[in-house]
Ligand SMILES: [Zn+2]
């Protein structure tokens, strides 16, 4: 049995049996893993502190056929400020659903782990604009997953923005993964109009670090529409996104 140590962020924590918990973790070294922590709910559990969803932990586990067994765990950062505030929690719930939707299996991607950590940190450390963090997270995660949205030129004819969009509104085509000029609009049946201000807001979210994520309030809805359509179009496990079960994020 291979034993390994990693850092991980708890995506989901479900009670199991009398005293156990199943923990889904996004780990720094092994991607998405499902683990069981035995006896964790006993009062005198050797795990000590509680293992809440969104906590960042350092853990030791041995590999099993379906579930890995966690034998030691230490909470590095609990992110309780995110968990205990409904608006922050909702944004975090959306991010967790996007991680599940866009990460296909147990591929290790340290950059995904780091992005999630920094996004939770940004949620905890700001007083507003939680949805901006969620949108920036989804765009950056799409890029890490290999689905960079094309926002600088038409995905079909490849003409530059300035040249192609002279006076005409561009479109966003989720399945083609980017902007479509008015001439190419017919290339995608799912294309919808993309106001220039929304486009520039998206470009800024992609370019800036996640802690600086900011969307003007009046553009929020239109930016979120593009982001969720893009993620949904590229998510193999997209059903999670349709109905993200945020209840599983609440401490049980
Ligand atoms: Zn075009």
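The values are calculated or read from the model by the stated rules, or taken from the named source; none is laboratory data. Here the structure is a predicted model, which means the values were calculated and not measured. Every residue, glycine as well, gets a Cβ built from its backbone with ideal geometry; the counts of neighbours run over all protein chains shown.
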Picked from the range 147-172 (must be more than 10 Å from the ligand (Cβ to nearest atom) and at pLDDT 90 or above), the residue surrounded by the most Cβ atoms within 10 Å (Cβ to Cβ) is 172
Is at least one residue of the range 195-202 within 16 Å of the ligand (Cβ to nearest atom) and in the same structural domain as residue 100 (by TED's automatic domain parsing)? yes
Going through (1) buried (at least 22 other Cβ atoms within 10 Å of the Cβ); (2) farther than 20 Å from residue 214 by Cβ one by one, residue 120 fails only at (2)
Give me the residue from the range 173-184 that is in a loop (DSSP other than H, G, I, E, B) and either within 13 Å of the ligand (Cβ to nearest atom) or modelled with pLDDT under 90 (or both) and, out of that set, surrounded by the most Cβ atoms within 10 Å (Cβ to Cβ). 181
